[in-house]
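The values are calculated or read from the model by the stated rules, or taken from the named source; none is laboratory data. Given the structure is predicted, the values throughout are model-derived calculations rather than measurements. As a convention, Cβ positions derive from the backbone with ideal geometry for all residues, glycine included, and neighbour counts pool all protein chains shown. What goes into the accessible areas is simple: the full protein's heavy atoms, side chains included, and nothing from ligands, DNA or RNA. Shrake-Rupley method; radii C 1.70, N 1.55, O 1.52, S 1.80 Å.
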Amino acid sequence: MGMPLVVANHPQLDTAALAYPGVRVERASGVGIADVIASLGRMVRERAPQAVFYSELASRKLLRALLGGTRDAPRVVYIPHGFSEKRQDWARGTAFQDIAVLYGQHAFDQLAAFGVAGYLHHFIVSGNVRRRYHAMHEATFRVRLAALGLEPRPDLRTVLYAPTWDDALGSSSFFPAFAAMVRELPTGWRLIAKLHPHLDRHAATLDDLARQCRGRDVHLVRGTPLSLPFLDLADAYVGDMSSLAYDFLGSGRPMFFTNAAAGTAADAAGSRLFACGSVVAPDRYGEIYRIIDDAWASDADRFGEARAALERYTHAPERTLEDVAEEMDDVLAGPPPTWMYAKLDPPPAAPR
């Protein structure tokens, strides 16, 4: 839509400029770490844009304080950076945005289950625009992967391990599973571990694990915002509750799930996602390659239909980039919601 991607510092600027072909990247000047939210608000007001696209979930009160107060306030569009089936309360904030982008019916039904779908002011169903953008720039992304020493290898069986971060629900399988996956990696297999950015909070531990990977065909991918190009390299996917799993659904390739919360209150075994592949409990992480090998031939027959159904439910298949852009233009042409400039009413009570 011709908008710049605004980042806060030079490392982020360099990373974004390399990662996203065709996107104009700008640095936000005068944004200080101590008051980053307030200074970002000042920077945006100085630019006086028609719209702000962001992937946070700020409250209406905060959005009004930062960007509102007048009838010419910018429209604010929430863009999710992935889809998650984890039932975390912060996700209900999607319903209280100015304009919310939903990938498909699954996201709307999540908000309905939270009891907040009726608070949506505007929402646009996008389908998987991220996948379409990636397809448009596939050649560029192949060059990016080659620079990381990662290229298609028909002579190897490539497993992509994409764990989520170490959240409050205990969803991440990374720390109990990764060492076993490195130790047991068979000859003729390649392991690519695409880490969630939040896992770098444990940088010292990751550095130690990276040293253990030396001499093995293991690639620990850190510090890159890219995800879809790594999925294309994989012959099979291994993960827990990471949003990357939903991007892999449409590939038609085998999926395996390391259920880190098996047997606990946060056990995700009942999720639709975990019905799309073989589930590996924590006490069997050391057997994962044998489990993958045993399930390989029958995987499509057992789980292909479930994966295709969840892909359609999560990412509206009928949406085109042109459809989404046209609808977005129409919505952005309207005025901001009254809560951006009128006297604020008390927020609705959270459903019980």
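Numbers below:
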{"quantity": "Cβ-placed point charges (K, R +1; D, E -1), dipole of the chain about Cα centre in debye, nearest 20", "calculated": "700 debye"}
{"quantity": "Surface share of carbon and sulfur [accessible, 1.4 angstrom probe, percent] for segment 29-116", "calculated": "57 percent"}
{"quantity": "Sites Asp35 and Glu138, calculated FRET efficiency, Cβ-Cβ separation with R0 51 Å, nearest 0.05", "calculated": "0.80"}
{"quantity": "Long-range HN-HN contacts of Val25 with modeled amide H, under 5 Å", "calculated": "Leu5"}
{"quantity": "Label of the coordinate-derived value, semi-axes √(5λ) of the Cα gyration tensor in Å, listed as (1) 29, 24, 21; (2) 37, 23, 20; (3) 34, 27, 20", "calculated": "(2)"}
{"quantity": "With every protein chain in place, segment 182-245: carbon and sulfur % of accessible area (1.4 Å)", "calculated": "45 percent"}
{"quantity": "The chain: angle of helix 299-314 to the longest principal axis, Cα-based, in degrees nearest 10", "calculated": "10 degrees"}
{"quantity": "For segment 1-115, size of Cβ-based charge dipole, Lys and Arg +1, Asp and Glu -1, in debye", "calculated": "300 debye"}
{"quantity": "Whether segment 188-239 is rounded, prolate or oblate, judged on the alpha carbon gyration tensor where a/c under 1.5 counts as rounded", "calculated": "oblate"}
{"quantity": "Separation between Cα centres of segment 226-262 and segment 114-183, rounded to whole Å", "calculated": "7 Å"}
{"quantity": "Between helix 105-114 and the chain: long-axis angle, C-alpha atoms, 0 to 90°, nearest 10", "calculated": "70 degrees"}
{"quantity": "Farthest toward positive dipole pole in segment 1-139 [+1 Lys/Arg, -1 Asp/Glu at C-beta], among Ile79, His10, Ala117", "calculated": "Ala117"}
{"quantity": "Computed accessible area, Ser298, all protein chains, 1.4 angstrom probe, square angstrom", "calculated": "40 Å²"}
{"quantity": "FRET efficiency estimate (nearest 0.05) - Cβ-Cβ, Asp293 to Arg24, R0 45 angstrom", "calculated": "0.45"}
{"quantity": "Three-way shape label, segment 103-212, alpha-carbon gyration tensor, a/c 1.5", "calculated": "oblate"}
{"quantity": "Gyration tensor (alpha-carbon) shape descriptor, segment 83-157, a/c threshold 1.5", "calculated": "prolate"}
{"quantity": "Per residue accessible area of the chain, 1.4 Å probe, in Å²", "calculated": "50 Å²"}
